[in-house]
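Let me begin by presenting the structure, written as structure tokens, before commenting on it.
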Amino acid sequence: ITNYANKEGEFKRQNSQFRNFISNEPGSEFPPEKDRYHLYVSYACPWAHRTLIVRKLKGLEDIIGFTSVHWHMLEKGWRFIEEGEQVPGKNVTKDPLHPDYTHLRQLYFQIDQDYGGRFTVPTLWDKKKETIVSNESAEIIRMMYTQFDDLLSQQHKSVDLLPKSLERKIDESNDWTYNDINNGVYKSGFASSQEAYENNVHALFKSLDRAEAHLADNAASNSGPYYYGSNITEADVRLYTTIIRFDAVYVQHFKCNIRDIRSGYPYLHRWVRELYWNVPAFGPETTQFEHIKKHYTKSHKQINPFSITPVGPVPDILPLEEEVPAVKVAKKTG
Ligand SMILES: N[C@@H](CCC(=O)N[C@@H](CS)C(=O)NCC(=O)O)C(=O)O
């Protein structure tokens with residue numbers, strides 16, 4: 001992203017341009033097949049992170065391959081790693097399908113020389129048709145929930161991230177989670193007027209308070225540990241990718257600093273650590289803090305002109321049973 005805000009100082013995210021669906025309906029243009037589709041992601045990106053989590057929750061690792069770009073995103077957009085570079089994480093490699101490509105944008109131009117949209121991750125690529133199926137994470141994850149089920153073991157088939165009984169509730173919480181939280185941190189951070197920043201940062205914290213109250217209610221009624229009870233759903237996936245980046249980046253880089261998670265939101269803090277430490281799909285394999293911290297602080301030159309990455313917070317995420325000193329003391333005396 002190089003063009004951040006409009007003349008009112010508000011950041012507006014563009015709609016994704018490729019909106020096809022993998023479908024197991026007979027005659028579908030993009031049928032589910034093993035090793036046919038490839039995901040291009042960045043470990044830094046919260047939208048791409050959704051797809052890595054769902055790929056693992058649904059056991060699609062042998063069916064859909066992936067490549068992560070390097071964390072550094074400059075004028076030409078996302079780039080693949082260069083010879084000799086060392087960055088953490090699985091599959092941070094050159095493009096295995098187009099070894100001469102240096103940037104993600106070349107995939108988009110291969111399909112359409114006049115492409116005028118953004119070159120975003122995640123990008124879901126069809127190796128057979130040599131084209132982009134979709135670059136909209138909200139839709140890519142929903143394809144993964146069900147469309148590959150015929151190729152999966154019973155155990156993974158039964159993972160239902162959007163149960164019928166919760167669909168309406170999840171769609172409702174997606175709405176404010178997306179507008180105020182997932183996109184809210186960007187709207188706060190990319191605002192170029194005091195007024196736009198303040199409006200967005202207050203909306204963000206109001207919705208964090210709402211999520212916190214929901215998790216507190218869960219705890220009071222012994223429901224949990226996940227957002228809608230004892231099973232992980234889409235609501236967890238969509239909220240997690242912002243909350244796990246919150247203290248590490250958004251508090252300082254995007255000025256989302258009314259509170260932080262570890263000292264200001266005990267229930268969100270417990271919930272996010274439950275996922276990170278106890279559920280492998282959310283843990284260190286898909287959550288790569290070096291990509292996350294360096295991407296934002298070294299790619300957004302207009303926010304951070306010297307590209308200095310702050311050292312803290314230390315640690316990136318607290319162990320499950322540890323608290324910041326003030327919380328620890330309060331718990332003892334309270
Ligand atoms: N609505 C898209 C948004 C994806 C998106 O904006 N990704 C960012 C990275 S966090 C990106 O690739 N930006 C590059 C650009 O806009 O030039 C989705 O959810 O998939």
### Task
Answer yes or no as to whether VAL314 is free of Cβ contacts under 8 Å to residues at least 12 places away in the same chain, of a type in the set (Val, Ile, Thr), in a helix (DSSP H, G or I) and over 20 Å from SER42 (Cα atoms).
no
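Considering GLU83, GLU130, which residue is surrounded by fewer than 16 Cβ atoms within 10 Å (Cβ to Cβ) and either within 16 Å of the ligand (Cβ to nearest atom) or closer than 17 Å to ASN20 by Cβ (or both)? Steps first, answer last, please.
Details: GLU83 fails: either within 16 Å of the ligand (Cβ to nearest atom) or closer than 17 Å to ASN20 by Cβ (or both).
From the options GLU83, GLU130, the qualifying one is GLU130.
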### Task
For the range 217-225, state whether one or more residues are at pLDDT 95 or above, in a helix (DSSP H, G or I) and in contact with a strand residue (DSSP E or B) (Cβ under 8 Å, 6 or more places away or on another chain).
yes
### Task
Specify which of the listed residues (PHE306, PHE289, PHE282) is within 28 Å of PHE190 (Cβ to Cβ), under 14 Å from the mean Cα position of the chain (by Cα) and surrounded by fewer than 20 Cβ atoms within 10 Å (Cβ to Cβ).
PHE289
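So which of GLU321, GLU290, GLU274 is part of a loop (DSSP other than H, G, I, E, B) and not aliphatic (A, V, I, L, M)? Steps first, please.
Details: GLU290 fails: part of a loop (DSSP other than H, G, I, E, B); GLU274 fails: part of a loop (DSSP other than H, G, I, E, B).
That would be GLU321, the only listed residue that is part of a loop (DSSP other than H, G, I, E, B) and not aliphatic (A, V, I, L, M).
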### Task
Within the range 105-122, work out how many residues are within 14 Å of the ligand (Cβ to nearest atom) and more than 19 Å from GLU75 (Cβ to Cβ).
1
#### Entry: Hits in the range 183-194 (condition: surrounded by fewer than 23 Cβ atoms within 10 Å (Cβ to Cβ) and within 15 Å of the chain's Cα centre (by Cα))
ASN183, TYR186
### Query
Does LEU166 count as hydrophobic (A, V, I, L, M, F, W, C), modelled with pLDDT of 95 or more and in contact with a helix residue (DSSP H, G or I) (Cβ under 7 Å, 6 or more places away or on another chain)?
no
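Table: residues versus (1) within 10 Å of the ligand (Cβ to nearest atom); (2) more than 23 Å from TYR115 (Cα to Cα); (3) surrounded by fewer than 24 Cβ atoms within 10 Å (Cβ to Cβ).
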{"residue": "ASP35", "(1), (2), (3)": "no, yes, yes"}
{"residue": "HIS38", "(1), (2), (3)": "no, no, yes"}
{"residue": "THR51", "(1), (2), (3)": "yes, yes, no"}
{"residue": "VAL69", "(1), (2), (3)": "yes, no, no"}
### Query
Restricted to the range 1-14, and to residues that are within 19 Å of GLU136 (Cβ to Cβ) and touching a residue at least 40 places away in the same chain (Cβ under 8 Å), which residue is farthest from the ligand (Cβ to nearest atom)?
PHE11
#### Entry: Complete set of residues in the range 94-106 that are in a loop (DSSP other than H, G, I, E, B) and surrounded by 13 or more Cβ atoms within 10 Å (Cβ to Cβ)
LYS94, ASP95, LEU97, HIS98, TYR101, THR102, LEU104
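This table checks each residue for (1) near the ligand (Cβ under 10 Å from one of its atoms); (2) not assigned by TED's automatic domain parsing to the domain that holds ARG105.
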| site | (1), (2) |
| --- | --- |
| PRO32 | no, yes |
| PRO46 | yes, no |
| LEU57 | no, no |
| LEU60 | no, no |
### Message
The conditions are (1) β-branched (Val, Ile, Thr); (2) under 20 Å from HIS49 (Cα atoms); (3) part of a helix (DSSP H, G or I), and ILE232 fails exactly one of them. Which is it?
### Response
(3)
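The values are calculated or read from the model by the stated rules, or taken from the named source; none is laboratory data. In this text, all values refer to a predicted model and were calculated from it rather than measured experimentally. Reconstructed Cβ throughout: ideal geometry from the backbone, glycine too, with neighbour counts over all protein chains shown.
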